[in-house]
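These notes concern the structure reproduced below.
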Amino acid sequence: MKKKAIIAVFLIFFTTTSCGFKVVKKNEIFNFDINKIYTSGDNRINYKIKSKILFKSEKNEKKLVDIYLNTKKIKTIKEKNINNEITKYLITIKSDVKIQELTENKTISFFLETSGDYSIAKQNSQTLSNEKKLIELLTNDLAENIIDKLVNRINDL
């Protein structure tokens, strides 16, 4: 009986203790300072991406980087009905990102793309609202992807 209790205690102890794995926090690995962000392409999308990146950056870090953003918004027809009227649009946002680390004089570049569609409403104002909401969602998604890649690539150097 005593052996079973000891074995049970050991099993409970070993199953409840952690393995030492620690989740990495994004704010701890964002260890570089942004010198300047150069943008070209769609100004609204670039402004939102730029503000998100600057919000996440840390000041007074060792690594100093310049970021070059080139974004394009492409709007195409996705669906038409029998009467040849447009029912859905597809919006694709493409971003070409170039990172230049000034302290070590290294350059990294990558390309990201997000896309989504929206439906045409009966009123034009509702259609414009649908488009604006989709662009906002795609821009936020693209900004998060850029930040993730930025952090991963900078920390690899």
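The values are calculated or read from the model by the stated rules, or taken from the named source; none is laboratory data. Worth saying up front: this structure is predicted, and the values here are computed from it rather than measured. Cβ: placed from backbone, ideal geometry, glycine included. Neighbour counts: every protein chain shown. Only protein heavy atoms, including side chains, enter the accessible area calculation; ligands, DNA and RNA are left aside. Shrake-Rupley method; radii C 1.70, N 1.55, O 1.52, S 1.80 Å.
Assorted remarks:
- Per residue, the range 48-157 exposes 61 Å² of accessible surface when a 1.4 Å probe is rolled over the protein heavy atoms with every protein chain present.
- Once the Cβ-Cβ distance of SER125 and ILE82 is raised to the sixth power relative to R0 = 22 Å, the FRET efficiency obtained is 0.30.
- Solvent exposure, largest accessible area first (probe 1.4 Å, DNA, RNA and ligands not counted), of ASP33, ASP117: ASP117, ASP33
- Carbon/sulfur fraction of accessible area - the range 63-143, other protein chains in place, 1.4 Å, %: 47
- Cα-Cα over 19 Å, subset of LYS63/LYS98; LYS36/LYS94; LYS56/LYS149; LYS50/LYS73: LYS36/LYS94
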